[in-house]
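What follows is a short report on a single structure.
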């Protein structure tokens, strides 16, 4: 047991994964590199010193001084990276614990609401019934936020839950649009679609690709309705799905508030919310696009956008058909 | 009347679930920890077990292992109802003999009750 535990410590790649850090930021790798640099420097100075300096004691003294300086430097560098690794590990653990601990009381709340609703619904008047919907809606919102936090944590640990199956994107897209329709109607937004039916089926994790599409559609609806003086005919979200060369291409266009020029470079960053968005909508965690980009990237696809402030935004992503099919 | 054993450390969840099962015509017995749950499983021989995984005294996986290794109770169907949702947990539970695996946060109370009815062949 003791031997096995110590042996696992030597697996540097596994240690780095555990800390959620890339190899070049891993303290173990930094320690190894610094060790090689120190040994290399000692050997080089010994060779140079023996050639140019006659007194071996002077050579030994110079090598000793350089080695001590390098050791101090390597200690400082390795410690800094250790702190970075520790901070990264603690952040991931914190998200995991908080998310799991939040889920239990939330389930209690959700199920108790379900129970009360079933037991008392026909005894209440319309305005009282609405309170159940407030409770339900807020449980749903909190659940979504917790799920997003968990997904981010899994992305960072490279442990996204995968359950690959053959997926028909036109069918999935129609299903998502149907689910989003109530939200679109409530926001006075019309969804228009152009779906190419004969798209090859792909082999992927359905829930992940669903998350990407849902995030993009929900954003488009949100930011269409956030535009105050939008003319009714402009509150439209256009969705196009087709095959482009060797890729499947999905585009979601809105005529909403758009993204300010200075915010464009940060749009896929975690927890980032554009200034004009937070002015109109206090809701939102700034995690949706980070999650969408991470998932598309994992599926070897590309994601991008074009946007003009106050004119609207078009988000698109591609998925390579061949690569997704080959994985079978 | 069919008997359901609910092994869950959240007493609030037990109360809600117990009330709805009673209205659906089932008898619910419950345990707040793994050891009591396993003991009740042996003594009461319920028609169905609903099992959480993170439990005091005995983990849900241990209960699954012990139930499935016991000739007298190994045929009792077990539904795992938890908030753990990694693929490894799902696979392990199914491998150990769980009938189905439900993530609490992803199901409404009505959906869980429907799964219970289905498991009991109603």
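I'd like the full set of residues that are outside any helix (DSSP H, G or I) and touching a helix residue (DSSP H, G or I) at 6+ places or on another chain (Cβ under 6 Å), limited to segment B:100-120. Passing the criteria: B:101, B:108.
Here is a yes/no grid of residues against (1) buried (at least 17 other Cβ atoms within 10 Å of the Cβ); (2) modelled with pLDDT under 85:
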{"residue": "A:13", "(1), (2)": "no, yes"}
{"residue": "A:17", "(1), (2)": "no, yes"}
{"residue": "A:22", "(1), (2)": "no, yes"}
{"residue": "A:27", "(1), (2)": "yes, yes"}
{"residue": "A:34", "(1), (2)": "yes, no"}
{"residue": "A:43", "(1), (2)": "no, no"}
{"residue": "A:48", "(1), (2)": "no, no"}
{"residue": "A:52", "(1), (2)": "no, yes"}
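Screening B:62, B:72 for residues that are away from every other protein chain (no Cβ under 14 Å) and surrounded by fewer than 15 Cβ atoms within 10 Å (Cβ to Cβ) leaves exactly one candidate, B:72. For residue B:20, state whether it is touching a residue at least 60 places away in the same chain (Cβ under 8 Å), part of a helix (DSSP H, G or I) and within 23 Å of residue A:110 (Cα to Cα). So residue B:20 fits the description; yes.
Could we say that residue A:268 is part of a loop (DSSP other than H, G, I, E, B), at pLDDT 90 or above and in the same structural domain as residue A:204 (by TED's automatic domain parsing) here? Spelling it out, residue A:268 is indeed part of a loop (DSSP other than H, G, I, E, B), at pLDDT 90 or above and in the same structural domain as residue A:204 (by TED's automatic domain parsing). Kindly indicate whether residue B:92 is away from chain A (no Cβ under 13 Å) and assigned to a loop (DSSP other than H, G, I, E, B). Here the answer is no, as residue B:92 does not meet what is asked. Taken together, the criteria place residue B:118 among residues that are more than 26 Å from residue A:148 (Cα to Cα), more than 11 Å from chain A (Cβ to nearest Cβ) and more than 13 Å from the chain's Cα centre (by Cα).
Do we find that residue A:277 is in a helix (DSSP H, G or I), closer than 23 Å to residue A:149 by Cβ and at pLDDT below 85 in this structure? Judged against the criteria, residue A:277 is a match. Give segment A:153-188 a look and list any residue that's over 30 Å from residue B:88 (Cβ atoms) and at pLDDT 90 or above, or say none. Those that are over 30 Å from residue B:88 (Cβ atoms) and at pLDDT 90 or above: A:170, A:173, A:174, A:177, A:178. Here residue A:146 meets each of (1) over 17 Å from residue A:255 (Cβ atoms); (2) surrounded by 17 or more Cβ atoms within 10 Å (Cβ to Cβ); (3) in contact (Cβ under 8 Å) with a residue 60 or more places away in the chain with one exception, condition (3). For segment A:149-159, residues that are touching a residue at least 60 places away in the same chain (Cβ under 8 Å) and surrounded by 15 or more Cβ atoms within 10 Å (Cβ to Cβ) total 7. Among the residues of segment B:76-94, those identified as over 21 Å from residue A:107 (Cβ atoms) and at pLDDT 95 or above are B:76, B:77. Number of residues in segment A:178-197 that are surrounded by 14 or more Cβ atoms within 10 Å (Cβ to Cβ) and either within 14 Å of another protein chain (Cβ to nearest Cβ) or within 18 Å of residue A:319 (Cβ to Cβ) (or both) equals 2. Screening segment B:76-89 for residues that are in contact with a strand residue (DSSP E or B) (Cβ under 9 Å, 6 or more places away or on another chain) and over 15 Å from residue B:54 (Cβ atoms) and picking the one that is nearest to the other protein chains (Cβ to nearest Cβ) gives B:79. Checked against (1) touching a helix residue (DSSP H, G or I) at 6+ places or on another chain (Cβ under 6 Å); (2) more than 14 Å from chain B (Cβ to nearest Cβ), residue A:127 meets all criteria but (1). Within segment A:105-112, does at least one residue satisfy the condition of being exposed (fewer than 15 other Cβ atoms within 10 Å of the Cβ) and within 14 Å of chain B (Cβ to nearest Cβ)? Yes: one or more hits.
The values are calculated or read from the model by the stated rules, or taken from the named source; none is laboratory data. Every value quoted in this text rests on a predicted model; they were computed, and no experiment measured them. Using ideal geometry, Cβ is built from the backbone for each residue, glycine included, and neighbour counts are taken over all protein chains shown.
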